[in-house]
Structure formats: C-alpha cells, structure tokens
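The values are calculated or read from the model by the stated rules, or taken from the named source; none is laboratory data. Just so we're clear, the structure is a prediction, and the values are computed from it rather than from any experiment. Using ideal geometry, Cβ is built from the backbone for each residue, glycine included, and neighbour counts are taken over all protein chains shown. The protein model used for the area step is the full one, side chains on, heavy atoms only, and it has no ligands, DNA or RNA in it. Shrake-Rupley method; radii C 1.70, N 1.55, O 1.52, S 1.80 Å.
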Amino acid sequence: MYFCLMRTNRLKQLIEKYNTSGPRYTSYPSVPLWKTENFTLNNWTESILQNCEHFSSQNISLYLHLPFCESLCTFCGCHKYITKNHNHEAPYITALIKEFEIYKSVLPYAPNIKELHLGGGTPTFFSVEELRRLLNHLFDNQIPDPNECALSFEAHPNNTTDEHLKVLFSYGFRRLSLGIQDYDPIVQKAIHRILSFDQVKQVHETAKNIGYTSISHDLVYGLPKQDMNAIVDTVKKTIQLKPERISLYSYAHVPWIKGNGQRGFDENDLPQDDEKRALYECAKAMLLDAGYLEIGMDHFALPDDELAKAFTAKKLHRNFMGYTTQDTSTLIGLGMSAISDSWFGFAQNSKSLPHYLEQVNDNQLPVIKGHLLSEEDLTIRQKILDLMCHFETRLTQKEIIDFPFIRVDLIKDMENDGLLIFENDLLVVTPQGVPFVRNICMCFDQYLPENNTSQMFSKTI
C-alpha cells in the first residue's frame, strides 16, 4: 500500500492557507476575467493580422470542439450537448468546414497546420465518414505527415471502434487521450461514467498495435466517493497498460457555473482539502515509482515521450488544449464554445449550438466575447506561462516597479513558507511549492477580484 508522505500538519496548514478559488491559467487573463467592453469582431481579426506581421509564420494550431455526448458525466466541466441523435453530425461538420473557410479568408496566407486536436464532448461520437469529410477539407485532400503535424484526439473507450482508430491513424493521428477518470464502480456510478478496465485495455492495445506512438490516460482525483483504495487501484491498472502520458486532473466542483450536471451526488461525498491532496500525492508516488516524470501541473509522461523531452529542455508550451510541444503563435478554435488565441488577443465562440450554427451559416465568425492583450498583459502572460511550464520565471526590480499590481508581499510570504525561492531576479518554484503553482501565478494577476472571494474558479489545491 502507498501512503501519502505529504499528509503532515505542515501540509494541512499550507492547504488551509492557500486552498482558495483560482484560475488554472490555460490563458492569461483567464476567460472569466476578460475585459470585453471594447472588444469587437473587427478587433479580433485585426489581432490575427497583427500576429501575422509580428511572427511572420504561416504555422497554426487548430482545436476543433466536437461537443456531442450520448450521456451526461456529472463530473464534467466542458461545454457539451447531450443527445443520442446522430443526425446532428453532418450539419455540425459542415459548419466546422465553413468556419475554417471564413478564417482562411481573414488570414493573408494559406495556413500550414502544425497541430490539430479533436476535443469534446466526445469526438468519437462522430462516424468515421463524417470525420473523414472534415479532415479531407482541412488538409485539402492531402494526408499530413505525422512528423510535421501533431494530430491528436480525445476518445471515450466505450464508443471508440477499431475503425475510428484505423481511419484516424491513416490521416496521420499518432496520439489519443482515453477518458477514464476512475475504475472504481462506486465512483463510476456517482459520476455517471461506467466503463471497464477490459474495454480500456482493448482500445489501448488495439491503438498500440495499429501504430499510435503516444497514448494518454486521463484520470481525475477528488471525485465523489473516491478514497485511497480507489485511487490506488485505478493507478495500478493504468500503470499495467503503461500509457506514454497520464493526466491526473483535480476535480473542479463548480456547479454554480456548470449547472445541475455537477449536482448528481451529495457534496458530502467529495474528499476535502488535505484528504483530496493525499489522493494526488499517493497517485504521484506510484507514477514516479513506475518511471514517469512529473510534467508541469497535473501531467506525467515517460522519459522518452516528446512531452517529457520538451519539459526537460524547457521547450514545453501551454495553451487551451493543455500542455503541448508545439509553440505556434496562432491557435484557431473551431466549433461551439471553442477558444482562439492570436497571442495578442483571445476570442470565444458561442456556447449555444443553435446560435453557433446560425452565425456560421450566415458567413459570420461565431465569436461572442474576447480580450485584447495590452503590453502589460503580454509581459505577465509570458511569466505565467514560464511558471506553469517550467516552474520558474524572471522578475526584475524594474518590473516590480513598472507593474505595481504584482503582489511582492505574497511572493515573500510564499518564500517564507518554502513554496518558492526568489533571488537574483529569478523566481523558482520548489518541489514543495509545485502543488501551489496556481497560487504563485495569482501573485502576478492584476485582474483577480480584490480578496478573491468570488465563485469564478475551482479551488487551487
């Protein structure tokens, strides 16, 4: 049995002190804090052109949000559309194709897709015929070279067929993420996501036999009714299949944002604070013992995986798709609720499926909100990226003067607590401070509400 060495009185004190509401920093500023007063569609397209002029690159990343799921998982915080009606497939794929054409009319060059991710929802909700139609259009009927373009997709083990795996592999996909969360039947019932280890094993091994080179298993800690026995069993089974990457996410309980979907269980069933953190530390110890490296926040990878190599070389990047080895300056999000990033600005599509389809069919980008980054934003954004990807950043005395909103007092307090070291203009997160990296990033965030008592975000620990 693995025991959590971090469950000490000192850790409990730190969790009580720092376990507050805070962003996950897939962007800076975080989506709920975007200043949208002066944001227009013209502003957004101008920021894309500014990117083109500044970076002089035709490389882009594409994120396609495929929102349909046949049943509701009560732990899920994603934007989804629950339906068993597969007649939604064709019009939605047509809209994605049309939206990409609108973006191509904005870009002053023919884009070169360096990275593509199919997220959801459940991408494997779609038939292989519709996915083939989509990919044929995106790549102009050319099969991308997997050495030049990183292609990945999310998959539900229960509805991912051999044909899905074979067809997507033929288009150059070499990575897939299997959404597992937890193998314990009591936990699965609580979160309404029932799957078996045998089914996961079948999909995993089929993908490996086909030739997929990087498979990720997505796990979640802090789920309702989840205890130490459940997390140990889940991690043991995961290690048995030896996926190249493992995501170990903290369950974000935000029913005030996501509605009744996250109310499918008694909140007293949720592990709290140091108990929740103990689940992570136990899983982490097991993964490190099995040869995985801890990569950034909530991610692990085998040493020979590209993500681990990028982390070691300090070339890891982070965007709305998560951690990535690609560092393209333009990310275009297609589909309902998808978020795009021009480096100089962000834009989010409509979260309503009917509104999204209506806007695209009217030849309009379906953007509903966004944020244009100031020079200050760009500087702080890079520092937060450095912290989230490399656990360090530079902070000069001049910057402390130029950016008076930086909470130097909190940085010093965290240094006294052993969470970071700040000397010679270099701020380094200590191993003890890694669980608190979101809190450290918050010291740089000028957009957080005063006292940060709002319910915009999940808890940081």
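What to note about this one:
- Computed over protein heavy atoms with a 1.4 Å probe, the carbon and sulfur contribution to the accessible area of the chain reaches 48%.
- Relative packing of peptides 364-375, 408-419 - highest average C-beta neighbours within 10 Å first: 364-375, 408-419
- Span from the the stretch 96-171 Cα centroid across to the the stretch 330-392 one, whole angstrom: 20 Å
- Less than 5 angstrom separates the built amide H of LEU293 from those of ALA301, LEU302, all sequence-distant by 5 or more or on a different chain.
- Burial ranking of peptide ranges 219-225, 346-352 (average Cβ count within 10 Å, highest at the top): 219-225, 346-352
- Inter-label distance, ILE102 to LEU410: 3.7 nm, where each label sits 7 Å from its Cα along the C-beta direction.
- Per residue, the chain exposes an accessible area of 42 Å² to a 1.4 Å probe, with every protein chain left in place.
- In this structure the amide hydrogen of SER177, modeled in the peptide plane, comes within under 5 Å of the amide hydrogens of PHE153, GLU154, ALA155, SER216, none closer than 5 places in sequence on its chain.
- Descending principal axes extents, the stretch 261-330, alpha-carbon based, whole Å: 42, 35, 16
- Cα-based Rg and Dmax for the stretch 1-127, where Dmax is the largest Cα-Cα distance (Å): 20.9, 59
- Helix-derived mean residue ellipticity, 222 nm - over the chain, DSSP H n ≥ 4, -39500 (n - 2.57), to 500: -11000 deg cm²/dmol
- Debye intensity ratio I(q)/I(0), log10, the stretch 162-295, q values 0.16 Å⁻¹ (C-alpha model): -0.85
- Intensity falloff of the stretch 329-394 expressed as log10 I(q)/I(0), Debye formula with alpha-carbon point scatterers, at q = 0.26 Å⁻¹: -1.04
- Label-to-label distance for THR20 and THR430 is 2.1 nm, based on points extended 7 Å past Cα in the beta-carbon direction.
- Along its first, second and third principal axes, ordered by size, the chain spans 58, 54, 42 Å in Cα coordinates.
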